Amino acid sequence: MIQTVATTPFSDQKPGTSGLRKKVRIFQQPHYAENFVQSVFDSLEGFEGQTLVVGGDGRYLNREVIQIVLKMAAANGFGRVLVGKGGILSTPAASHLIRASSAFGGLVLSASHNPGGPDEDFGIKYNVSNGGPAPEKVTDAIHARTLAIDSYRILQAEDVDIDRLGTSKLGGMAVEVVDPVAAYADLMEQLFDFAAIRTMIAEGFTFSFDSMSAVTGPYAVEIFEKRLGAPAGTVQNATPLPDFGHHHPDPNLVHAKELYDRMMAADAPDFGAASDGDGDRNLIIGRHCYVTPSDSLAVLAANAHLAPGYASGLKGIARSMPTSGAADRVAEKLGIPLYETPTGWKFFGNLLDAGMATICGEESAGTGSDHVREKDGIWAVLLWLNILAVRRQSVAEIMAEHWATYGRNYYARHDYEAIAKDRADGLMAALRDKLATLPATVNSGGTVKSADDFAYTDPTDQSVSRSQGVRLLFEDGSRIVFRLSGTGTEGATLRVYIERYVGEDNELGLETADALAPLVRAAQEVADIAGFTGMERPSVIT
Ligand code: VG1
Ligand code: CO
């Protein structure tokens, strides 16, 4: 029986950079998840009888919300739901499944790199039929609907068994429980030279992958250990846990420190990598050689043609605005366009759909291509492995050659976390107020050439996104960017992105912190970070 349940709006359901993310206990309020899911459905047209994909990163509340989604999808008239077995789908695998099954869209249940557990975070994101995160016009409509909603529809039924493969009926709707890994792993085999990677591993190449007790475990074991023949144990923390074993599943130098230490040890393996909660991010560390995500994007773009899936070259490269300009130099050399978009994967979808870009990336450890419409952690690792298998050099050698060819963009991101929201807003407002006065001024970082608040016009549909981050560009090409995070669930996080370029005949071997020190000081002065936040130093440096 379909039940129509009266409800009242919640005022805090505005999707952020990547869907709605809140504390689990906020999602546990009566009607909270239901309101959001109904608001998504109410913002869509024409899904009657169509397919919806649903799955998540296995975090706390995943199973409960999947049952809600199934019953609401049935009550709202979807014809079929594809759900990953056990409720598991990595974000890129969900994207692939939406595309491969010609689904109307999908709900991805994840708070990605945010911690999980009863006191931590949960999230829901809607992806459209191209497999990518809903664009702003859709998320704006969803938000508007959350503020007006007065009822939702749900089928009264027993929970569906999501732990057994196969199809069952829920009301008039079919529920198909699918293997979350197989189709995705097959796609990877089409893109990369598995035989070459397998040979490299068989010849003694050593490798360590940290799934951080999050969703990539089953994918990584299947692909790296089973299909590529890496020894058992290559994948660490391979079982997805609802609380990620109390870890913070963010693959950066702070939260993936164990991997970092292993890669810096005397007996380090040749290659190390990690992924995040929902499997769309990647961290790459060669033996004794950390690769910044921005550099990784540049190296992958410069070498992608070595993998079968990209042998015919790239159509273009896209990067988010705060991501370093390293990829720009590669695009220039390849003679292909470079697009600079706001932060968040949803801005790449149109470029990928239009065939304008093939590879995209973000400084936050996200890289991906037109094979799906999400960033893809395991994909990035496989492309690295394919490149290593062809070039037969170490990661450190590849980086050194890359910098010697293109120059080096020293880069760091400083995050100031858990700032009171009004203080963070005050800091950004003060910066925006003085933008016009900054050009031609001199500070510790040098002479400011221009300063603006980044706005983006999508070249495919001319939609405009404003206020995407304050940029200070210096005469020597250095850059500082300030923006507030749109994925946090507590207070505000200020992100400061610092970049300095040195040409190919210049100082390529500096320590990043030394190379950036004057710019770090400049960022603190110009934005008065200590004054606004009371913090003398960032909480996290990546
Ligand atoms: C962060 C990153 C951004 C990324 C987003 C989602 O957003 O900076 O590059 O696309 O997370 O990634 P923000 O607004 O907090 O800076 V994931 O892996 O959390 O889906
Ligand atoms: Co993620």
Residue check: is Thr487 touching a Ser or Thr at 6+ places or on another chain (Cβ under 6 Å) and touching a residue at least 12 places away in the same chain (Cβ under 8 Å)?
yes
Is there any pair with a first residue in segment 270-284 that is outside the structural domain of Asp121 (by TED's automatic domain parsing) and a second that is part of a strand (DSSP E or B) and near ligand 2 (Cβ under 6 Å from one of its atoms) whose Cβ atoms are under 9 Å apart and which are 6 or more apart or on different chains, and what are they?
Ala274/Arg281; Ser275/Arg281
When segment 269-312 is examined, which residues are found to be away from ligand 1 (no atom under 16 Å from the Cβ) and on the phi > 0 side of the Ramachandran plot?
His288
Name the residue that is nearest to ligand 2 (Cβ to nearest atom), counting only residues in segment 1-17 that are under 25 Å from Leu170 (Cβ atoms) and assigned to a loop (DSSP other than H, G, I, E, B).
Thr7
Residues that are away from ligand 1 (no atom under 16 Å from the Cβ) and out of contact with any Lys or Arg (no Cβ under 9 Å at 6 or more places or on another chain), drawn from segment 104-137:
Phe104, Gly105, Lys137
Given the criteria open to solvent by less than 50 Å² (accessible area, probe 1.4 Å), modelled with pLDDT of 95 or more and either in a loop (DSSP other than H, G, I, E, B) or touching a helix residue (DSSP H, G or I) at 6+ places or on another chain (Cβ under 8 Å) (or both), does Val481 qualify?
no
Within the group Ala298, Ala268, Ala273, which residue is in a loop (DSSP other than H, G, I, E, B) and modelled with pLDDT of 95 or more?
Ala268
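Which one of Arg413, Arg483 is within 23 Å of Ala530 (Cα to Cα) and either in the same structural domain as Ser294 (by TED's automatic domain parsing) or out of contact with any Gly (no Cβ under 7 Å at 6 or more places or on another chain) (or both)?
On the way: Arg483 fails: either in the same structural domain as Ser294 (by TED's automatic domain parsing) or out of contact with any Gly (no Cβ under 7 Å at 6 or more places or on another chain) (or both).
Result of the check over Arg413, Arg483: Arg413.
For segment 100-122, which positions are open to solvent by 20 Å² or more (accessible area, probe 1.4 Å) and either within 18 Å of the chain's Cα centre (by Cα) or at negative phi (or both)?
First pass over segment 100-122, keeping only residues open to solvent by 20 Å² or more (accessible area, probe 1.4 Å): 100-102, 104, 115, 118-120.
Selection gives Ala100, Ser101, Phe104, Pro115, Pro118, Asp119, Glu120.
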Taking segment 484-533 on its own, how many of its residues are touching a helix residue (DSSP H, G or I) at 6+ places or on another chain (Cβ under 6 Å), open to solvent by less than 30 Å² (accessible area, probe 1.4 Å) and part of a strand (DSSP E or B)?
4
Exactly one of Ala429, Ala424 is in the same structural domain as Thr487 (by TED's automatic domain parsing), open to solvent by less than 20 Å² (accessible area, probe 1.4 Å) and of a type in the set (Gly, Ala, Ser), and that residue is Ala424
Might you check whether a residue that is modelled with pLDDT of 95 or more and within 30 Å of Ile26 (Cα to Cα) occurs anywhere in segment 495-507?
yes
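Can you tell me which residue within segment 409-421, out of those that are out of contact with any helix residue (DSSP H, G or I) (no Cβ under 8 Å at 6 or more places or on another chain) and not acidic (Asp, Glu), is least open to solvent (accessible area, probe 1.4 Å)?
Looking at residues that are out of contact with any helix residue (DSSP H, G or I) (no Cβ under 8 Å at 6 or more places or on another chain) and not acidic (Asp, Glu), I get Arg413.
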Tally time: how many residues in segment 435-445 are surrounded by fewer than 18 Cβ atoms within 10 Å (Cβ to Cβ) and touching a residue at least 24 places away in the same chain (Cβ under 8 Å)?
2
Need a quick list: strands (runs of 3 or more DSSP E) entirely within segment 132-251 having at least 2 residues that are within 20 Å of Ala273 (Cα to Cα).
207-210
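At least 3 residues that are open to solvent by 10 Å² or more (accessible area, probe 1.4 Å) and in the same structural domain as Asp280 (by TED's automatic domain parsing) in each: list the strands (runs of 3 or more DSSP E) lying fully within segment 306-396 that qualify. Break it down stepwise before answering.
Details: elements: 317-320, 338-341, 359-362, 366-369.
Of the strands (runs of 3 or more DSSP E) lying wholly inside segment 306-396, those with at least 3 residues that are open to solvent by 10 Å² or more (accessible area, probe 1.4 Å) and in the same structural domain as Asp280 (by TED's automatic domain parsing) span 338-341.
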Quick check, is Ala174 open to solvent by less than 10 Å² (accessible area, probe 1.4 Å) and farther than 24 Å from Thr487 by Cβ?
no
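Being out of contact with any Leu (no Cβ under 6 Å at 6 or more places or on another chain), of a type in the set (Ser, Thr, Tyr) and under 19 Å from Ile419 (Cα atoms) is true for just one of Ser463, Ser539. Which residue is that? Let's see the steps before the verdict.
Details: Ser463 fails: under 19 Å from Ile419 (Cα atoms).
Answer to the selection: Ser539.
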Does Phe454 count as open to solvent by less than 20 Å² (accessible area, probe 1.4 Å), more than 16 Å from ligand 2 (Cβ to nearest atom) and in contact with a Ser or Thr (Cβ under 7 Å, 6 or more places away or on another chain)?
no
From the list Leu70, Leu20, Leu82, Leu97, which residue is more than 16 Å from ligand 1 (Cβ to nearest atom) and either surrounded by fewer than 20 Cβ atoms within 10 Å (Cβ to Cβ) or outside any helix (DSSP H, G or I) (or both)?
Leu82
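The values are calculated or read from the model by the stated rules, or taken from the named source; none is laboratory data. Computed from a prediction, not measured in an experiment: that's the story for all the values here. FYI the Cβ positions are ideal-geometry reconstructions off the backbone, even for glycines, and counts take in every protein chain you see. In case anyone asks, the SASA skips ligands and DNA or RNA and just uses the protein heavy atoms, side chains included. Shrake-Rupley method; radii C 1.70, N 1.55, O 1.52, S 1.80 Å.
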